[in-house]
Amino acid sequence: MRLGFAKITSCPHCGGEKEIMSLMSGNYIGAELWSDGKLIAPMLQKPSPVQKCPHCRKYYFMPPYEETKKSESLFGARGLLSYLEWKEVYWQFCESLESPENISKVNSIKLNNVRFWVLQAYNDFYYRGNDEHVPSAEEFEFVKSIAIRFVEEYGDVEPLMKAEIYREINEMQKCSAILSSICTEHLNDSQMGIYCEIKERMEKGDNRVFRIKHGK
């Protein structure tokens, strides 16, 4: 992995600047792919798609690459967010992106992306290599509502991912129905491996996110 010059972003709320890391090159050596779509690649680290302003503490989407300024430093921040911060992101963007003056297809897609990242952050905190944290019933219902809205409002969710999301929120009957609708003859070896993993866990009533095995 080779670092490039950091990119300088400006907060749209207060104008404060933040230096964000940039890569010149990277690779997938040692990478992990998880059933919720999370890719953890030590040699291909990327900044968070949403950043927290160090000045006003509000959140903003990373601007397009061409809209950033180049720093003279090679050491920008990734700006990774915790699960609690992703929840703050969600509530902030719900208030702004769903307001009557801001409702649009683009903003709807942005908010749905945030829902997906909230689900991944929830899995990071409670399940991904962590046996200490146990979600409360209230916390589980919150992320369940997030996941359901993501599936219902995002039109391009692949069937396997849709089945997996329902499994993760304990909607096992819906997971089973989607798996039953998939023609397994059309799945490649990797997809078939994921299909079998989801089905096996669904039948056991296991809703934990899992690491996708290589060679499947």
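Taking the alpha-carbon set of segment 74-131, what are its Rg and Dmax in Å?
13.8, 43
Could you pull the Rg and Dmax for segment 106-216, using just the Cα atoms, both in Å?
Final numbers for Rg and Dmax: 14.2, 40 Å.
Could you give each residue of segment 106-121 its phi-based ³J(HN,Hα) in whole Hz, using Karplus coefficients 6.51, -1.76, 1.60 with θ = phi - 60°, and x for Gly or Pro?
Residue by residue, segment 106-121 yields 4, 5, 5, 5, 4, 5, 5, 4, 4, 4, 5, 5, 5, 4, 5, 5 Hz.
Using Cα pairs under 8 angstrom and six or more residues apart, how large is the relative contact order of the chain, in percent?
In percent, rounded to a whole number, it is 18.
Can you give me the C-alpha center-to-center distance between segment 114-149 and segment 40-58, rounded to a whole angstrom?
19
Counting only heavy atoms of protein chains, what accessible area per residue, in Å², does segment 85-216 have with a probe of 1.4 Å?
Normalised by residue count, the accessible surface of segment 85-216 is 56 Å².
Apply 1/(1 + (r/R0)^6) to the Cβ-Cβ distance of residue 188 and residue 108, taking R0 = 25 Å, and write down the FRET efficiency to the nearest 0.05.
It comes out at approximately 0.20.
Which percent of the accessible area of the chain is formed by carbon and sulfur heavy atoms (probe 1.4 angstrom)? Please report the intermediate quantities before stating the final value.
Values: 6460 of 12310 Å².
That share works out to 52 percent.
Along its three principal axes, how long is the chain when you only count alpha carbons? Whole Å, largest extent first please.
In descending order, the Cα extents are 52, 44, 36 Å.
Using per-residue counts of other Cβ atoms within 10 Å, averaged over each peptide, order 182-192, 18-28 from highest down.
Ranking, from highest mean packing down: 18-28, 182-192.
The values are calculated or read from the model by the stated rules, or taken from the named source; none is laboratory data. Not measured: the values here are computed from a predicted model. All Cβ positions, glycine included, derive from the backbone under ideal geometry; neighbour counts span all protein chains shown. For accessibility, only protein heavy atoms count, side chains too; no ligands or nucleic acids. Shrake-Rupley method; radii C 1.70, N 1.55, O 1.52, S 1.80 Å.
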